[in-house]
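What follows is a single structure, written as structure tokens, with notes after it.
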């Protein structure tokens, strides 16, 4: 099994050393940061992994680092580390999206269990990304007008409304709709819509008005 990447962000050298040893002897790869600022600078270049983030540090504290990660699009799962009496801060971190919180001193089994939760979140994200990529590939097989029709279906419009919006006949919409179903290799509208949602079709509208040669003359 490949090493799992963990980033430790803590200004306490003893904690960094302890976690580094624990992680490396458990088959994980550990990169250490002495402060939140250094971690954020490296953020855009970091490989997917989990972050063990101390809640109380000099300079930026854990909550500030967590907020900055969200602002900068650093979507790594965060597990916050707290000292005794920091439960209120840990709860705030959880509400902001942290996977879990760990109270110092740590038990190895508890740390590894929390990391398992974080890596499971990464795995789910990877699966969603793969499904989205597959869906986009299938959508790309459609002609521009077929995508227009599918967008109308995503919006819940009946064929007549789609026809009116596109300036074509309802019969032409039916033909495009049948082509969509065939090219997406689906048998039901719900299956087609699931693919469209996965591909985020409709999130960005393409420029309308493109007419396929010989294909969109109203009957």
The residue that is surrounded by the fewest Cβ atoms within 10 Å (Cβ to Cβ), considering only those in segment 69-79 that are part of a helix (DSSP H, G or I) and touching a helix residue (DSSP H, G or I) at 6+ places or on another chain (Cβ under 8 Å), is 72
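Taking into account only those residues within segment 22-37 that are surrounded by 14 or more Cβ atoms within 10 Å (Cβ to Cβ) and out of contact with any helix residue (DSSP H, G or I) (no Cβ under 7 Å at 6 or more places or on another chain), which is nearest to residue 119 (Cα to Cα)? Steps first, answer last, please.
Step one: of segment 22-37, the residues surrounded by 14 or more Cβ atoms within 10 Å (Cβ to Cβ) are 22-23, 26, 28-37.
From the residues that got through so far, the ones that are out of contact with any helix residue (DSSP H, G or I) (no Cβ under 7 Å at 6 or more places or on another chain) too are 23, 28-29, 31, 34-35, 37.
Numbers: 23: 14, 28: 11, 29: 13, 31: 16, 34: 23, 35: 23, 37: 24 Å.
Restricting to residues being surrounded by 14 or more Cβ atoms within 10 Å (Cβ to Cβ) and out of contact with any helix residue (DSSP H, G or I) (no Cβ under 7 Å at 6 or more places or on another chain), the top hit is 28.
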Checking the structure you have, find out if any residue of segment 80-92 is over 17 Å from residue 10 (Cα atoms) and assigned to a loop (DSSP other than H, G, I, E, B). yes
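Of everything in segment 159-197, what is outside any helix (DSSP H, G or I), in contact with a helix residue (DSSP H, G or I) (Cβ under 9 Å, 6 or more places away or on another chain) and more than 23 Å from residue 129 (Cα to Cα)? Give them in sequence order.
First, pick out the residues of segment 159-197 that are outside any helix (DSSP H, G or I): 167-169, 184-188.
Then keep just the ones that are in contact with a helix residue (DSSP H, G or I) (Cβ under 9 Å, 6 or more places away or on another chain); that gives 168-169, 184-188.
The answer is 168, 169, 187, 188.
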Residue 7 passes all but one of the listed conditions (1) more than 17 Å from residue 55 (Cβ to Cβ); (2) modelled with pLDDT of 95 or more; (3) in contact with a strand residue (DSSP E or B) (Cβ under 8 Å, 6 or more places away or on another chain); the exception is number (1)
Checked pairs for segment 69-86, first within 23 Å of residue 116 (Cβ to Cβ), second crowded, with 20+ Cβ neighbours inside 10 Å and at pLDDT below 90, C-beta under 7 Å and 6 or more apart or across chains, list as 80/90; 82/90
The correct count of residues that are buried (at least 20 other Cβ atoms within 10 Å of the Cβ) and either in contact (Cβ under 8 Å) with a residue 60 or more places away in the chain or under 17 Å from residue 30 (Cβ atoms) (or both) in segment 41-68 is 6
Residue 60: passes all of (1) over 19 Å from residue 114 (Cβ atoms); (2) assigned to a helix (DSSP H, G or I); (3) touching a helix residue (DSSP H, G or I) at 6+ places or on another chain (Cβ under 6 Å) but (2)
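The values are calculated or read from the model by the stated rules, or taken from the named source; none is laboratory data. Not measured: the values here are computed from a predicted model. Virtual Cβ from ideal backbone geometry, glycine too; neighbours counted across all protein chains shown.
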